[in-house]
Amino acid sequence: MSLFAHQVRADQLIFWRGRESAVFVFLFPVLLFLLLSTVYSGEFEGRPLTDYLVPSLITYGVANTTFGGLAIMLVIRREAGVLKRIRATPLPAATFLGATLCSTLLVFSLQAVAIMLLGRLLYDWHFPAEWPSLLLGFALGALCFAGMGFGAAALIRSAEGASAVVNVLVLPMAFLSGGFGPTRDFPQFLQTIADLLPLTYLVEIVQAAVYDGEPIWEEPVAVLVLLAWGVAGSLIAWRRFGWEPRER
Amino acid sequence: MAAVDVRGLRKSYGGQEAVRGITFALAEGEVFCLLGPNGAGKTTTIEILEGYRTRDAGDVSVLGLDPQRRDRALRERIGVVLQHSESWANVTVTETLRIFAGYYRRPRDVDEVVALVGLDAKRDARVKTLSGGQKRRLDLALALVGDPDLIFLDEPTTGFDPQARRNAWELVRGLRALGKTILLTTHYLDEAQQLADRVAVLRDGVIVSEGTPSELMASSRTEIRYRENGAVKVIATDEPTRLLHELTSRAVAEGRELEELEVRRSSLEDVYLDLLDDTPE
Ligand SMILES: Nc1ncnc2c1ncn2[C@@H]1O[C@H](COP(=O)(O)OP(=O)(O)OP(=O)(O)O)[C@@H](O)[C@H]1O
Ligand SMILES: [Mg+2]
């Protein structure tokens with residue numbers, strides 16, 4: 001078994017064993033989907049509401065899991081000295097970071113599949129005609145938000161700070177970007193803020209695919225904004241990421 | 001070739017010099033102990049050798065390589081116990097060891113390592129349920145699982161009960177018998193005396209004394225104590241036989257008893273404390 005596969009397996013074991021993190025990171029978006037689809041019903045833009053909720057809650061999962069979950073996990077491990085300890089072993093840094101990314105994407109994929117399956121079983125949800133763009137959007141979003149996750153981990157100084165920062169960022173961002181429901185009736189200043197947030201553009205790509213049958217390449221601005229955020233996060237990580245505890 | 005060779009090593013943290021030009025070497029198969037009070041620069045030195053920190057000046061060679069370059073080949077051959085570190089709370093002892101074993105080309109058998117550090121009874125316990133000393137034993141196991149040639153132990157027995165400390169000493173002796181080179185730091189003088197082939201005493205970033213434990217002890221003197229007219233008298237001497245003879249013959253001639261008479265050689269600890277006292281700031 002290659003070293004990379006070994007490390008992904010290790011990361012998976014560690015992730016699912018940590019009950020709290022598994023519940024928060026994996027289950028929370030799934031539960032939120034169940035909650036929202038139970039309390040709201042009816043149609044949106046002439047389609048069943050599940051057509052809105054399934055992809056939207058998956059975009060929330062992108063922010064929650066590949067950004068928030070990743071950043072918190074890295075900071076906690078760094079502050080506990082786990083990263084420092086691993087740094088003395090022959091495991092190359094690139095293998096470690098690549099496996100971390102891969103393991104996070106795996107958790108996100110399972111989460112997305114869970115939401116789609118529940119949508120299918122409970123509400124007879126089906127893929128839209130433009131399903132390849134939907135999946136491409138999720139993949140692009142997951143990668144870009146993971147880049148931001150690495151960047152955030154490099155900036156956050158303490159383990160307590162990590163969950164605070166992530167909680168303050170992710171939920172309001174999902175709310176403002178339309179991840180939990182349409183925002184067109186929001187006051188203008190909230191929509192202005194939303195225009196600055198990367199999740200808004202992921203939601204845009206996804207909804208264009210569902211409601212307008214528009215392929216992802218017809219949303220070049222949204223794609224570029226997402227990429228810019230992802231690259232910015234990765235650059236910060238490249239320059240600032242540390243393996244040793246910042247505070248002790 | 002020396003397993004570790006350090007010459008004129010210097011390191012400062014933002015203007016504050018923590019290591020101020022130290023020189024020492026470890027022969028292959030040697031157990032070398034760094035002693036010194038808090039803040040003396042032990043961890044700084046050891047972490048430079050492990051490749052965590054860059055040096056400001058001096059030459060350092062570890063197994064013939066420069067640790068600053070962080071060669072993977074070097075990391076294959078060293079084992080590390082950090083002064084502080086944790087591992088994943090929710091996986092078990094053997095799972096943690098298996099994960100680490102997977103990082104090395106030729107790891108040791110995990111069960112063997114578990115037995116070596118005396119964690120058999122806890123092999124399937126989650127790391128978060130281990131006691132402080134048991135976690136420290138896991139740290140030690142993680143340092144050994146790659147079957148290293150050179151082992152760095154930064155205060156490895158801190159938090160051990162006396163029995164566990166004895167076991168750790170046995171373990172270190174066993175590793176030495178296998179020809180491993182070991183650099184350890186400790187605050188326990190008896191530990192240095194028990195384990196080390198050579199000791200260096202570090203203070204304020206400078207080595208103030210270096211030698212075998214018995215060489216360090218050579219400066220130790222014999223103390224004669226007794227009580228006279230209610231007051232305790234302490235005489236330190238290099239000629240205990242003659243002095244004792246004088247004292248006792250006088251007392252016998254005067255028909256007195258030397259109350260609470262005690263003759264003792266000062267321990268490494270006394271020598272160490274003297275050393276730290278005598279050295280000017
Ligand atoms: N990362 C750091 N940043 C700034 N100063 C540091 C850093 N690490 C160590 N120092 C300082 O360098 C000096 C030497 O510290 P070091 O940790 O090497 O001592 P030590 O001999 O290991 O002490 P102890 O016995 O307490 O572990 C201390 O004055 C410490 O405050
Ligand atoms: Mg130290």
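The values are calculated or read from the model by the stated rules, or taken from the named source; none is laboratory data. Keep in mind the model is a prediction, meaning the values are calculated, not measured. Here the Cβ positions follow ideal geometry from the backbone for every residue, glycine too, while neighbour counts run over all protein chains shown. What goes into the accessible areas is simple: the full protein's heavy atoms, side chains included, and nothing from ligands, DNA or RNA. Shrake-Rupley method; radii C 1.70, N 1.55, O 1.52, S 1.80 Å.
At-a-glance table
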{"read-out": "The lone exception for B:D197 - which of (1) more than 16 Å from ligand 2 (Cβ to nearest atom); (2) crowded, with 18+ Cβ neighbours inside 10 Å it fails", "value": "(2)"}
{"read-out": "Matching residues, segment B:148-169, being more than 14 Å from ligand 1 (Cβ to nearest atom) and in contact (Cβ under 8 Å) with a residue 12 or more places away in the chain", "value": "B:P148, B:D149, B:L150, B:I151, B:F160, B:D161, B:A164, B:R165, B:N167, B:A168, B:W169"}
{"read-out": "Single condition B:Y13 does not satisfy, out of (1) within 16 Å of ligand 2 (Cβ to nearest atom); (2) at pLDDT below 95; (3) closer than 24 Å to B:R137 by Cα", "value": "(3)"}
{"read-out": "Some residue of segment B:40-57 being within 16 Å of ligand 1 (Cβ to nearest atom), within 14 Å of chain A (Cβ to nearest Cβ) and at positive phi", "value": "yes"}
{"read-out": "Lone unmet requirement of (1) at pLDDT below 95; (2) in a loop (DSSP other than H, G, I, E, B) for A:L35", "value": "(2)"}
{"read-out": "Failed criterion for B:L63 (all others in (1) within 11 Å of chain A (Cβ to nearest Cβ); (2) surrounded by fewer than 23 Cβ atoms within 10 Å (Cβ to Cβ) hold)", "value": "(1)"}
{"read-out": "Any hit, segment B:82-103, residues being surrounded by fewer than 22 Cβ atoms within 10 Å (Cβ to Cβ), more than 9 Å from chain A (Cβ to nearest Cβ) and in contact (Cβ under 8 Å) with a residue 60 or more places away in the chain", "value": "yes"}
{"read-out": "Condition met for B:T158 (under 19 Å from B:K135 (Cβ atoms), open to solvent by less than 10 Å² (accessible area, probe 1.4 Å), within 16 Å of ligand 2 (Cβ to nearest atom) and among the polar types (S, T, N, Q))", "value": "no"}
{"read-out": "Answer residue from segment B:114-149, given it is within 12 Å of chain A (Cβ to nearest Cβ) and open to solvent by less than 50 Å² (accessible area, probe 1.4 Å) and is nearest to ligand 2 (Cβ to nearest atom) among those", "value": "B:D139"}
{"read-out": "Where a residue in segment B:40-58 is of a type in the set (S, T, N, Q) and open to solvent by 20 Å² or more (accessible area, probe 1.4 Å) and its partner, wherever it lies, is part of a helix (DSSP H, G or I) and within 13 Å of ligand 2 (Cβ to nearest atom), with Cβ under 9 Å and at least six apart", "value": "B:T54/B:I48"}
{"read-out": "In segment B:217-249, the residues that are of a type in the set (K, R) and either part of a loop (DSSP other than H, G, I, E, B) or more than 25 Å from B:Q193 (Cβ to Cβ) (or both)", "value": "B:R221, B:R227, B:K233, B:R242"}
{"read-out": "Residues that are surrounded by 14 or more Cβ atoms within 10 Å (Cβ to Cβ) and either closer than 25 Å to B:V208 by Cα or of a type in the set (S, T, N, Q) (or both), drawn from segment B:249-268", "value": "B:S266, B:S267, B:L268"}
{"read-out": "Single condition B:E76 does not satisfy, out of (1) away from every other protein chain (no Cβ under 12 Å); (2) surrounded by fewer than 20 Cβ atoms within 10 Å (Cβ to Cβ); (3) away from ligand 1 (no atom under 16 Å from the Cβ)", "value": "(1)"}
{"read-out": "Enumeration of residues in segment A:58-112 that are of a type in the set (S, T, N, Q) and within 14 Å of chain B (Cβ to nearest Cβ)", "value": "A:T89, A:T95, A:T100, A:S103"}
{"read-out": "Single residue of A:L74, A:L35 found to be farther than 23 Å from A:A139 by Cα and hydrophobic (A, V, I, L, M, F, W, C)", "value": "A:L35"}
{"read-out": "Contacts under 7 angstrom Cβ, first residue in segment A:180-207 being among the charged types (D, E, K, R), partner open to solvent by 40 Å² or more (accessible area, probe 1.4 Å), 6 or more apart", "value": "none"}
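Condition check ((1) touching a helix residue (DSSP H, G or I) at 6+ places or on another chain (Cβ under 9 Å); (2) away from ligand 2 (no atom under 16 Å from the Cβ); (3) more than 22 Å from B:L276 (Cβ to Cβ)) across all residues:
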site: B:A25; (1), (2), (3): no, yes, yes
site: B:E50; (1), (2), (3): yes, no, yes
site: B:E86; (1), (2), (3): yes, yes, yes
site: B:V91; (1), (2), (3): yes, yes, yes
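So that you can scan it fast, the table gives a plain yes or no per residue for (1) farther than 26 Å from B:L82 by Cβ; (2) surrounded by 24 or more Cβ atoms within 10 Å (Cβ to Cβ):
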{"residue": "A:A5", "(1), (2)": "yes, no"}
{"residue": "A:R17", "(1), (2)": "no, no"}
{"residue": "A:F28", "(1), (2)": "yes, no"}
{"residue": "A:L70", "(1), (2)": "no, yes"}
{"residue": "A:L91", "(1), (2)": "no, no"}
{"residue": "A:A99", "(1), (2)": "no, no"}
